[in-house]
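S.K.: Encoded as structure tokens, here's the structure I'll be asking about.
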Amino acid sequence: MSSNNANIIDGKAFSNHLIETLIPDIKTISNIIGRPPTLAVILVGEDSASQVYVRNKIRQTEAAGMISIEHRLSADTDEKTLLAQVKALNDDDKIDGILVQLPLPKHINEHSVIQAINPEKDVDGFHVVNAGKLATGLAGLVPCTPLGCVLLLRETLGDLSGFNAVIIGRSNIVGKPLGQLLLAENASVTIVHSRTKNIEDLTSQADILIAAIGRPEMVKSSWIKKGACVIDVGINRIPAPEKGVGKFRLVGDVDFAQACLVADSITPVPGGVGPMTISCLLRNTVLAAAQRKGVEIGFK
Ligand code: GUN
């Protein structure tokens, strides 16, 4: 008999709850500065996944009572034009947060564009100033997906102190900042990646296992310790012929059916980490507005 009994962590519900907690702060800021916190989103090109993400980010920002301004640039936009757009938003006092959706077209240097954003408006937390603050324990803007993972973990496990956390993936967007955040929570952190030898030996000791590799269903039950908490950051589109010709479905980096047999709790895809990324973006936009304008709010 299988024991398909892992607790499914409801990222959507927790994300909605987090957004509710932001509403009083959004009202306070609006009353004091005479306008709601405002997010500018730049989307370059026609990548279909990016279009969906940006649409969701804008819809939820506005649903929470904030302003969002979208700047759509064609795929052949040159780097100079994009940098000029970023500078205009830096200089615009009515803009609190700037998000440049990644990936950018190949002819644009992503690093140069991210470093051009005023760190105080860097709601993605990707600027080296914010990365450095996170690494050294100073308050700054923290990348949204790792922050969402930690909030879900705290909600599920409580105090994370002393847990053995293993992160699969070492990206600047997820793996590395998540390692810093979990260290700040007093977890023991191991980051494994494509060059790690005997990856399963390390992952199968994890109390907390986080998959952020971008490979559909790569993490099998043998990678997972019995009773672990599994956070699946992956969002992969794979063919779903059972839904019809040319149809797709979304899966994570974890083989969900297998993982449910061994994990104590697990995030689903969709409905796990994805919604948390958006609510943390809203949180960062509120924080950026409050800090720029010197307004006291209920969190840091
Ligand atoms: N592309 C995939 N994830 C992200 C993200 O968190 N922020 C931005 N700007 N682009 C992304």
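S.K.: Which residue, ARG195, ARG154, ARG215, has the most motion in a Gaussian network model of the chain that connects Cα atoms within less than 10 Å?
M.R.: ARG195
S.K.: Report P(r) for the chain: all Cα-Cα distances, bin width 20 Å, range 0 to the bin holding the largest distance, values in whole percent.
M.R.: Over the chain, the share of Cα pairs per 20 Å bin runs 33, 58, 10, 0 percent.
S.K.: Could you tell me the relative contact order of the chain? Use alpha-carbon pairs under 8 Å, at least six residues apart, and round to a whole percent.
M.R.: Averaging sequence separation for qualifying contacts and normalising by length gives 22 percent for the chain.
S.K.: Hey, how many Å between the Cα centroid of the stretch 72-124 and the Cα centroid of the stretch 247-261?
M.R.: 34
S.K.: How far is helix 48-63 tilted off the main Cα axis of the chain, in degrees rounded to 10, range 0 to 90?
M.R.: It is inclined by approximately 70 degrees.
S.K.: Okay, next question. I'd like the carbon and sulfur percentage of the solvent accessible area for the stretch 129-217, probe radius 1.4 Å, heavy atoms only, ligands and nucleic acids excluded.
M.R.: Its accessible area is 47 percent carbon and sulfur atoms.
S.K.: I'd like to check one number: the per residue accessible area of the chain, probe 1.4 Å, reported in Å² as a whole number. Mind showing how you got there, number by number?
M.R.: Numbers: 14160 Å² over 300 residues.
Roughly 47 Å² per residue, with all protein chains present.
S.K.: Quick one: grab the alpha carbon gyration tensor of the stretch 1-70, order the square roots of its eigenvalues as a ≥ b ≥ c, and give me rounded if a/c is under 1.5, else prolate or oblate depending on whether a/b is larger than b/c.
M.R.: oblate
S.K.: Then there is this: On a C-alpha basis, how far is the centre of the stretch 128-191 from the centre of the stretch 276-297 in Å? Whole number, if you could?
M.R.: Here the two parts' Cα centres lie 19 Å apart.
S.K.: Which cross-chain or sequence-distant (5 or more) residues have an amide H under 5 Å from the amide H of ILE69, H modelled 1.01 Å from N in plane?
M.R.: It is LEU39, ALA40, VAL41, by chain and number.
S.K.: Let me ask something additional. Between ASN5 and GLU155, what is the label-to-label distance in nm when each label sits 7 Å out along the Cα-to-Cβ direction?
M.R.: For ASN5 paired with GLU155, the spin-label model returns 2.4 nm.
S.K.: With the full set of protein chains in place, find how many percent of the accessible area of the stretch 1-90 is carbon and sulfur; take the probe as 1.4 Å.
M.R.: The C+S portion of the solvent-accessible surface of the stretch 1-90 is 54 percent.
S.K.: Going by average Cβ density within 10 Å per residue, which order do the peptides 71-83, 28-40, 104-116 take, highest to lowest? Let's see the in-between values first.
M.R.: Values: 71-83: 14.4, 28-40: 18.8, 104-116: 16.2.
The peptides rank, most packed first, as 28-40, 104-116, 71-83.
S.K.: Among the DSSP beta bridges whose two residues both lie in the chain, what percent are antiparallel, rounded to the nearest 5?
M.R.: 10
S.K.: In degrees from 0 to 90, rounded to the nearest 10, what is the angle of the helix 79-91 Cα long axis to the longest principal axis of the chain?
M.R.: Compared with the principal axis, the helix lies near 70 degrees.
S.K.: Run the dipole for the chain about the Cα centre, Lys and Arg Cβ at +1, Asp and Glu Cβ at -1, nothing else charged, and hand back the magnitude in debye, nearest 20.
M.R.: My answer is approximately 180 debye.
The values are calculated or read from the model by the stated rules, or taken from the named source; none is laboratory data. Since this is a predicted model, take the numbers as computed values, not measurements. Counting neighbours? That spans all protein chains shown, and the Cβs are built from the backbone with ideal geometry, glycine included. Each accessible area value is taken on the protein alone, full model and side chains, heavy atoms only, with ligands, DNA and RNA left out. Shrake-Rupley method; radii C 1.70, N 1.55, O 1.52, S 1.80 Å.
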